[in-house]
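Note sheet for the following structure.
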Amino acid sequence: MKAVLNLFKVRIGVAIAVAAAAGLAVERGASPGFGKTSALVLAVLFASAAAGAFNQYVERDIDARMARTHGRPFVTGVLRHGPFWLWVIAAMLAASVLAAALSTLIL
C-alpha cells in the first residue's frame, strides 16, 4: 500500500486539491455548491495522482540514477513496470476529466 501511495504522490495531490478548493472558494459569483466543489476537487486530486504516476512510469531509468528518487516503486521493482500501470493511469485521468466535465455541466 505504501508503494501505491508513493506512486500516486498522494501528499502532493492533496496539496494541489486543497489549492483547487481554495480557488473555488474565492471564485466570484454564486457558490458552486458542495456537490460541484467536491467533484472538482476530487477530479483534481485524481488527475494529479495520475500525473505523478505517469512521471514515475516514464522516468524510471532517470529515477534510478538520482539519489532522491532511486527508491521509487518502479525503480526498486516493488511495482512491476508494465502496460497494466499505463491503463490504470489512463483510466484515472479519463475518470478525472469526465468527473470535472460532468460536474460543470450537470451539478
>> Using Cα springs under 10 Å in a Gaussian network model of the chain, which residue among 89, 12, 62 shows the largest mean-square fluctuation?
In response: 62
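When the convex hull of the C-alpha atoms of the chain is computed, what volume per residue in Å³ does it have? Before the final figure, lay out each step's value.
Numbers: hull volume 10.9 nm³, N = 107.
Cα-based convex hull of the chain, divided per residue, equals 102 Å³.
Would you work out the relative contact order for the chain, in percent, from Cα pairs under 8 angstrom that are 6 or more residues apart?
Answer for the chain is 36 percent.
Please report, in cubic angstrom per residue, the volume enclosed by the convex hull of the alpha-carbon atoms of the stretch 27-81.
108 Å³
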>> Restricting to Cα atoms and excluding each atom paired with itself, what does the Kirkwood estimate give for the stretch 50-107 in Å?
In response: 12.7 Å
> What trypsin sites (Lys or Arg not before Pro) in the stretch 46-105 are in a loop by DSSP, with at most 14 other Cβ atoms within 10 Å of the Cβ?
Replying inline: 68, 80
> How much mean residue ellipticity at 222 nm does the chain get from its helices, if each DSSP H run of length 4 or more adds -39500 (n - 2.57) and you divide by all residues, to the nearest 500 deg cm²/dmol?
Replying inline: -24000 deg cm²/dmol
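Each reported figure results from applying straightforward, stated rules to the coordinates on display, with no laboratory input. Keep in mind that what you see is a predicted model, and the values were worked out from it rather than measured. Note: ideal-geometry Cβ built from the backbone for every residue, glycine included; neighbour counts use all protein chains shown.
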